[in-house]
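The values are calculated or read from the model by the stated rules, or taken from the named source; none is laboratory data. Fair warning: this is a prediction, and the values are worked out from it, not measured in the lab. Don't worry about glycine lacking a Cβ; one is built from the backbone with ideal geometry, like all the others, and counts go over all protein chains shown.
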Amino acid sequence: MKEFNICYIYDNDIKREKIITNLDMHKAEILHEVSEKISRYGSFILHGEQGDTLIQTSLVRYIKVSERNVRSI
């Protein structure tokens with residue numbers, strides 16, 4: 001399994017989301033999916049560690065995706 005951390009960076013705030021996928025997914029694919037979601041919708045609900053947050057896509061300035069391998073037991 002792979003864990004991807006996605007940061008939605010505003011002018012003065014950062015919202016984070018974790019996604020766990022299979023090993024076949026790559027960072028570029030996750031970034032493409034997130035970019036599609038942002039271009040398609042004016043807003044969406046982010047289910048993060050700090051609860052649900054409404055993301056206004058017009059206010060997002062930068063998206064950062066980092067990946068981490070997660071061991072399966």
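What to note about this one:
- Residues that are surrounded by fewer than 14 Cβ atoms within 10 Å (Cβ to Cβ) and either within 13 Å of Tyr62 (Cβ to Cβ) or under 9 Å from the mean Cα position of the chain (by Cα) (or both), drawn from segment 10-21: Tyr10, Asp11, Asn12, Asp13, Ile14, Lys18
- Out of Val65, Val70, sole residue that is of a type in the set (A, V, I, L, M), at negative phi, in contact with a Lys or Arg (Cβ under 7 Å, 6 or more places away or on another chain) and modelled with pLDDT of 90 or more: Val65
- Scanning segment 47-73 for residues that are farther than 13 Å from Glu3 by Cα, of a type outside the set (D, E, K, R) and part of a strand (DSSP E or B) yields a count of 9.
- Members of segment 22-46 found to be within 12 Å of the chain's Cα centre (by Cα), surrounded by 12 or more Cβ atoms within 10 Å (Cβ to Cβ) and in a strand (DSSP E or B), listed by number: Phe44, Leu46
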